[in-house]
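Chemist: Got a structure here, written out as structure tokens. Questions coming.
The values are calculated or read from the model by the stated rules, or taken from the named source; none is laboratory data. Just so it is clear, the structure is predicted and the values come from calculations on it, not from any experiment. Methodologically, a virtual Cβ is constructed for each residue, glycine included, from the backbone with ideal geometry; neighbour enumeration extends over all protein chains shown. Please note that ligands, DNA and RNA were not included when accessible areas were found on the heavy atoms of the full protein model with its side chains. Shrake-Rupley method; radii C 1.70, N 1.55, O 1.52, S 1.80 Å.
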Amino acid sequence: ARFLLACALAFPAAAQFTLEPAGPCTAEGVQDAIKAALEPNGHRVKEPGGAVLVEVWLAKAIPNEKPADQPRGSDFPTLPVGALVGVIRYARAGGDFRAQPIQPGVYTMRFNLQPEDGDHQGASPRRDHVLLTPASVDADPNSRPGFDDLVAMSRKASGTAHPQVLFLMAPESAASFPSVHHAHGREALLVKGGSQALGIVVVGKAEE
């Protein structure tokens with residue numbers, strides 16, 4: 001018993017990412033129409049040392065629609081491509097699911113499906129992602145840009161040929177909301193927007 005206690009003292013539990021309320025979105029650069037479409041209370045994710053990594057505000061009305069065709073490989077078949085999911089502010093530099101750097105700043109998040117082609121085979125566990133676009137150039141909360149248009153918008157965030165992507169995972173049935181979920185070296189913000197339960201991976205990348 002003494003040995004076990006000594007081990008517990010010598011190897012304390014790993015520090016965790018934490019979550020706290022963020023209040024309404026006052027982030028600079030967010031278009032007025034987008035800001036008006038956001039929930040009044042956001043979520044602030046802090047790193048183990050206490051520094052703020054991101055703040056997230058969900059859209060008030062995240063669509064939940066029956067699709068004409070069931071998309072393969074998706075955990076969010078009722079979420080239309082291009083739909084506004086919310087706004088995310090990076091207080092400090094981060095990284096996306098393709099290990100591309102994310103510059104500090106404010107971005108809209110819109111839903112998109114990873115293409116089913118050889119270039120993306122095995123890049124993600126599922127096809128569901130949100131693409132980031134600089135908030136200053138995304139003005140209409142009701143627009144639903146198609147795949148190509150959304151990729152072009154998101155390239156303005158990444159500065160590369162590839163969009164700025166965050167993986168969207170389906171929370172487990174026993175998940176609590178809001179919370180930060182740690183698994184497989186990733187940190188996911190678990191939130192509910194209306195009837196949509198979302199897991200936005202804010203730390204972590206696709207397996208090589």
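Chemist: Scan the stretch 56-67 and tell me whether some residue there is at pLDDT 95 or above and in contact with a His (Cβ under 7 Å, 6 or more places away or on another chain).
Modeler: Yes, the conditions are met somewhere in the stretch 56-67.
Chemist: If you don't mind, another one. Within the stretch 18-117, considering only strands (runs of 3 or more DSSP E) that don't extend past its boundaries, which have at least 3 residues that are open to solvent by less than 20 Å² (accessible area, probe 1.4 Å) and either under 18 Å from Met153 (Cα atoms) or of a type outside the set (S, T, N, Q) (or both)?
Modeler: The strands (runs of 3 or more DSSP E) meeting that bar are 52-58, 84-90, 105-113.
Chemist: To continue, here is another question. Of all residues in the stretch 183-199, which are open to solvent by less than 20 Å² (accessible area, probe 1.4 Å) and touching a residue at least 24 places away in the same chain (Cβ under 8 Å)?
Modeler: Glu187, Leu189, Val191, Gly193, Gln196, Leu198, Gly199, listed by residue number.
Chemist: If you check Val202, Val180, Val151, which single one turns out to be under 13 Å from Asp96 (Cβ atoms) and either buried (at least 19 other Cβ atoms within 10 Å of the Cβ) or touching a residue at least 24 places away in the same chain (Cβ under 8 Å) (or both)?
Modeler: The unique qualifying residue is Val202.
Chemist: So which of Ala197, Ala139 is assigned to a strand (DSSP E or B) and farther than 22 Å from Glu47 by Cβ?
Modeler: None of the other options fit; the residue is Ala197.
Chemist: Separate question: Is it the case that Ala174 is without any contact (Cβ under 8 Å) to a residue 24 or more places away in the chain, part of a strand (DSSP E or B) and either on the phi < 0 side of the Ramachandran plot or open to solvent by less than 40 Å² (accessible area, probe 1.4 Å) (or both)?
Modeler: Criteria not met by Ala174.
Chemist: Quick one: Thr108 ticks every box in (1) within 20 Å of Cys25 (Cα to Cα); (2) out of contact with any Asp or Glu (no Cβ under 6 Å at 6 or more places or on another chain) except a single one, so which number is it?
Modeler: The failed condition is (2).
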